[in-house]
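A.B. asks: Shown below is the structure under consideration.
No value in this document is a laboratory result; all are computed from the given coordinates. Computed from a prediction, not measured in an experiment: that's the story for all the values here. Positions of Cβ are generated from backbone atoms using ideal geometry, with glycine treated the same way; all protein chains shown enter the neighbour counts.
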Amino acid sequence: MSEDQIWTLFTQDPRYKLRERLGLGIFLVLIGGLIWQREQVECRILAWRLMSGVRELDALQRLADKGPDAMPYYVDRIDDLDSEIRYKIVLTLKAMRHKDSIPHLLKAATDPDADVRVNAFDAIAEVGGREAIPMFIEALREDDHRIRRVAQNSLHMLTGKTLDYEADSEPEERQQAIVRWESWWESSRTTLVSGS
């Protein structure tokens with residue numbers, strides 16, 4: 001029920017006509033409370049849909065549209081046993097692009113599922129999560145090419161640097177570039193983190 005429908009119901013429907021009974025001030029407080037309550041109920045319904053598997057992508061997208069206030073209704077599922085649910089939650093947090101999502105994305109960045117990790121890395125970089133730079137540097141050592149590639153791209157997005165690291169290069173060349181990244185981080189950590 002839209003706000004307009006609620007307004008019409010309580011102002012024009014002869015069964016209710018609460019406006020005349022309550023007075024305008026109390027009536028407006030009541031309408032505001034109903035609209036707020038409807039938002040909360042809608043978030044709970046969407047969270048239930050997510051948990052029950054009913055049109056999860058639709059439910060997640062609608063929750064993401066509600067912004068950071070809706071995060072508590074689904075973010076606890078970041079530990080779900082189903083990697084597809086974890087993946088969809090990371091995509092939702094990524095779409096939200098909000099700093100409050102960083103702690104949850106950092107958790108997802110250690111997920112055993114590579115698809116979840118790749119999207120978590122990407123989302124952290126898009127939001128500007130510089131606190132993840134050491135994790136990205138460590139991920140440059142990964143066996144999985146996709147993880148190395150997204151770590152490389154995330155570092156570039158956050159720092160503007162490449163330090164000649166290429167995810168496709170030979171292991172020895174990658175190791176030399178990782179040493180450069182670690183050295184750079186040691187010298188830049190304080191100014192970079194305090195400047196964010």
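A.B. asks: Let a ≥ b ≥ c be the square roots of the eigenvalues of the Cα gyration tensor of segment 68-196; is it rounded (a/c under 1.5), or, if not, prolate (a/b larger than b/c) or oblate?
C.D. replies: The shape class here is oblate.
A.B. asks: Still on this structure, I have one more. In a shell of Cβ-Cβ distance under 14 Å around residue 102, excluding residue 102 itself, what net charge do Lys and Arg (+1) and Asp and Glu (-1) give?
C.D. replies: Values: positive: 94, 97, 99, 107, 130; negative: 100, 122, 126, 131.
Net charge in that neighbourhood comes out at +1.
A.B. asks: Around residue 146, under 11 Å between beta carbons, what's the net of Lys plus Arg minus Asp minus Glu among the other residues? Numbers along the way, then the final one.
C.D. replies: Details: positive: 117, 148, 149; negative: 115, 122, 142, 143, 144.
That sum, taken over residues with Cβ under 11 Å, equals -2.
A.B. asks: I want the local charge near residue 111. Using Cβ-Cβ distances under 14 Å, sum +1 for each Lys or Arg and -1 for each Asp or Glu among the other residues.
C.D. replies: For residues surrounding residue 111, the net value is -2.
A.B. asks: What ³J(HN,Hα) values, in whole Hz, does the Karplus curve 6.51 cos²θ - 1.76 cosθ + 1.60 give for segment 131-137 when θ = phi - 60°, with x put for Gly and Pro?
C.D. replies: 3J(HN,Hα) across segment 131-137, in whole Hz: 5, 8, 3, x, 5, 5, 4.
A.B. asks: If we count other beta carbons within 10 Å of each Cβ, what is the order of 179, 75, 150, 90, fewest first?
C.D. replies: Details: 179 11, 75 21, 150 26, 90 29.
Ordered by Cβ neighbours within 10 Å, fewest first: 179, 75, 150, 90.
A.B. asks: Once phi is turned into ³J(HN,Hα) by the Karplus curve 6.51 cos²θ - 1.76 cosθ + 1.60 with θ = phi - 60°, what whole-Hz value does each residue of segment 184-190 show in order, with x for glycine and proline?
C.D. replies: 4, 5, 4, 7, 10, 3, 4
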